[in-house]
Every structure is written in C-alpha cells, then in structure tokens.
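This report refers to the structure that appears directly beneath it.
The values are calculated or read from the model by the stated rules, or taken from the named source; none is laboratory data. Keep in mind that what you see is a predicted model, and the values were worked out from it rather than measured. Note that we place each Cβ from the backbone using ideal geometry, even for glycine, and neighbour counts take in every protein chain shown. Note: areas computed on protein heavy atoms with side chains; ligands, DNA, RNA excluded. Shrake-Rupley method; radii C 1.70, N 1.55, O 1.52, S 1.80 Å.
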Amino acid sequence: AKREGRARVRFFESEMDQELRDRRLLQHDLRQALEQNQLLVHFQPQARMDGEVVGFEALLRWNHPTRGFVAPDQFIPLAEENGLIIQIGEWVLREACREAVSWPRPLPVAVNLSPVQFQAGDLERSIHQILLETGLAPTRLEVEITEGVLIGDFTRALNLLRRLKALGIRIAMDDFGTGYSSLSYLQSFPFDKIKIDRSFISNLEASPQSAEIVRAVLSLARALNIPVVAEGVETEAQRAFLAGEACDEMQGYLIGRPEPIERYLDLIGITVER
Ligand code: C2E
Ligand code: CA
Ligand code: CA
Ligand code: CA
C-alpha cells in the first residue's frame, strides 16, 4: 500500500508539473496573441422577456494557432496573473466600442472588467480615451464587474466606479448570488443592473430552492429599483418563469449564443438583401 501511495504521489507530481508547464506555455502564447490578431470579440444579445433585443455583451475569444479556441475561463486567469489582462482588457473595450459605434441602432454594449484592471493601471483614463477615440457615447457603454473588484482595495474601486458612473457609463453587477457579499455591495454602490448568475437559472426547474432564490433576488432588486438580467436562459420554461416573476431582461442560448457580430446584423439595424 505504501508503494502504491508513493506511486500515486509521483503521478500527482508529474501531473502537476505537466499542468504548470502547460500554463507557462499558454501564458507565453498569450503574449503573442494580441500582436498576431488571435483575439476576437463575440457578441451575445440581451433581450427583454418578450424577446426584443436591447443590447449586447462583448465576450473575448482566443483562436490559438494550434489549440483552436481556448475558453476565457482558461486564459483570463493566466492573463490576470501576469498582468497582460490590462492590455487585453483595453483591447476588448476598444473593439467593443468601435464595433458598437458603427451600429445603425444605438444599442448599448456591455464589457467585462477584471479586478486586476481596477487595481493596476489607469482604468478611468483608458476608458475615457477609448470613448473619445471611438466616438461612442458613454451612455451606450456598460461595464460588468464581479464582487472580486470590490474585494481588495475597496475604497479605490468604489471611487473608480463612481467616476465611471459620473461619465455616464452604466455599472452592472455580474454573477450575482455566487459570491459571499453580493448583498453588502448593493448597499455600498448604486449598481445600474444586477445579473443573476447562470447557476440559479439552470437549476430553476430541478430545484425549488433555486426558484425561491431567484424570486427573492427579483423582489430585492425591485425594492431597490435595480433592473435584473437573468443569465444563461436556455429554455422556454425558464423564460416563462422569469417573465412571470417580472424579471426585466434575459441573456442566454434561447435568444442567441455569443457569435461574431455578422451573425446579428439584422438586430443592429443592418438589413441584408437576399
Ligand atoms: P460571464 O461574464 O458570466 O459571461 C457569461 C458566460 O456564460 C459566457 O461564457 C457565455 O458564453 C456563457 N453563456 C451565455 N448564455 C449561456 C447559456 O444559455 N448557457 C450556457 N451554458 N452558457 C451561457 P464565456 O464567453 O465562456 O466567458 C466566461 C467568462 O469569462 C465570462 O463569464 C467572464 O467572466 C470572462 N470573460 C469573457 N470575456 C471577458 C473579457 O473581455 N474580459 C474579462 N475580464 N473577462 C471576460
Ligand atoms: Ca459578464
Ligand atoms: Ca455572468
Ligand atoms: Ca461568470
């Protein structure tokens, strides 16, 4: 048994080495991704409960030369670790704003911000600069933050959020309900939107608890006068439940997946002759 244990330890060690090597490799490749145009932005529609599309969320994609598409959950933590997220985050913002300003329908665009972008660099200046450069009205930009932004230097983050809001940018609290302190953060900043995490929505049918939590979040948000977006709506049953509970908006595969904007030309007001 002892021998077996040792073998297992060795197995774990080599597996960990492998994982570490792989992370380093990916991190190295990520530095080139920006320069070599391997990054792209997909857009996912956000809709009212009747299906009317009212905006888009920009979601980053990495088309790796040999691995193909690498999921953001895999490479964003790496970019946060080595600080590359600052440059990548600015790139996403610029792309999203440049894209949105060209839409005939002036729909808002939402961009995810990493906590690292709040801690380091001059986020306010770069956002301001990008808005000027692209000509996008600040009121058409929404930034999505998770509670990770407010953990750490709380005062700094809060001041930054206030200044962004003063520019006319809307601030959405992402992944609501998954953190430890979502509620207390609602108390400290006037968020413009709450996005209920996908995990609660996907459990709606299976778990009465999830349904109650979603109801509670909706009633809390209503009391605070904050519109709610349900994330990850995939089925008509989920949509119907949320509509019945007076949820404001939804996002999810039921309406559309994150895709190159070309897939959604009609929604941004470009009619294509067939
Ligand atoms: P998120 O901000 O919560 O984004 C929503 C995620 O849910 C996206 O995953 C989206 O593709 C997925 N999703 C949307 N609707 C459905 C659905 O109906 N069913 C299912 N199963 N999934 C759905 P994605 O694009 O893989 O992004 C994962 C996370 O990576 C994002 O979660 C966000 O935290 C992060 N991320 C993506 N782009 C950026 C970015 O530009 N900057 C930063 N800092 N983070 C980003
Ligand atoms: Ca988001
Ligand atoms: Ca989310
Ligand atoms: Ca998420």
Notebook entry, point to check: Using a basic spin-label model with each label point 7 Å from the Cα along Cα→Cβ, how many nm lie between residue 23 and residue 187?
Noted result: 3.5
Next item on the list: Please report, as a whole percent, how much of the solvent-accessible surface of segment 36-180 comes from carbon and sulfur atoms (probe radius 1.4 Å).
Entry: 50
Notebook entry, point to check: Per residue, how much accessible area does segment 98-148 have with a 1.4 Å probe, in Å²?
Noted result: 41
Check: Given a Förster radius of 22 Å and the C-beta distance between residue 31 and residue 122 as r, what FRET efficiency does 1/(1 + (r/R0)^6) yield to the nearest 0.05?
Finding: 0.55
Item checked: Exposed GluC sites (Glu not before Pro) absent: longest stretch of the chain, with sites in DSSP loops and at most 16 other Cβ within 10 Å deemed exposed -> 53-204
Note to self: Under a Cβ-only charge scheme (Lys and Arg +1, Asp and Glu -1), can you give me the dipole magnitude of segment 206-265 about the Cα centre, in debye to the nearest 20?
What the structure shows: 100
Check: Suppose every K and R has +1 on its Cβ and every D and E has -1 on its Cβ; what is the size of the dipole of the chain about the Cα centre, in Debye to the nearest 20?
Finding: 480
Notebook entry, point to check: Which distance in nm do the two modelled labels at residue 132 and residue 270 give, with both placed 7 Å along the Cα-to-Cβ direction?
Noted result: 2.9
Margin query: Taking every DSSP beta bridge with both residues inside the chain, roughly what % is antiparallel (nearest 5)?
Written below: 45
Checklist line | Inter-label distance, nm, simple model (7 Å from Cα along the C-beta direction), residue 38/residue 240 | finding: 4.6
Checklist line | Calculated FRET value between residue 253 and residue 50, using beta carbons and R₀ = 25 Å, to 0.05 | finding: 0.90
Item checked: Per residue convex hull volume, Cα atoms of segment 29-112, in Å³ -> 104
